[in-house]
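Read-outs: derived from the displayed coordinates by stated rules, not from any lab. Quick caveat: nothing in here was measured; it's all calculated off a predicted structure. We place every Cβ from the backbone using ideal geometry, glycine too, and count neighbours over all the protein chains shown.
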Amino acid sequence: MPITADWVDESKTLIQCRFQDPWTIEQLIEARRSWHRMIKSVDSQVPIVLDMSESYAVPDGALRHLAAIHRTPHPRQGPLYVLGLNPEYEKLSPFVFCCEDSDERPVQLVDSIASILNS
């Protein structure tokens, strides 16, 4: 499956959504539905990690859908993290994910899942 959404561990405190080329917008939409169902199964805020480390190309129209993930989150969705963005997309990240410095910092670029778990 090009996009998967899974709990990072049995404590169900963090969801990792892995992208692997090639993927489609429809698969992104279905992955988002999956993690919304996962969030509904627990009673706490759940951070999401978009793991882009195996994705180097983005389908047409996908940037709008990626931006919508943090603009219209599930009510119990916690912080959104992006892992492994390739250099070209990292340059676009402030515009897609609104990563610019702000009080909210709705999206954070990270180097590893461990950096999230240890924070």
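Across the chain, Cα pairs under 8 Å and at least six residues apart give a relative contact order of 22 percent. Ordering 18-30, 77-89 by mean Cβ neighbour count within 10 Å, with the highest value first, yields 77-89, 18-30.
Exposure proxy shown here: for 52, 1, the number of other Cβ atoms within 10 Å sets the order, fewest to most, as 1, 52. Could you tell me whether the chain comes out rounded, prolate or oblate from its Cα gyration tensor? Rule is a ≥ b ≥ c as square roots of the eigenvalues, rounded for a/c under 1.5, then prolate if a/b exceeds b/c, otherwise oblate. Verdict is rounded for the chain.
With a Förster radius of 30 Å, plug the Cβ-Cβ distance of residue 86 and residue 41 into 1/(1 + (r/R0)^6) and report the FRET value to the nearest 0.05. Each step should come with its number before you reach the end.
Numbers: r = 32 Å, r/R0 = 1.07.
Taking R0 as 30 Å, the efficiency between residue 86 and residue 41 is 0.40.
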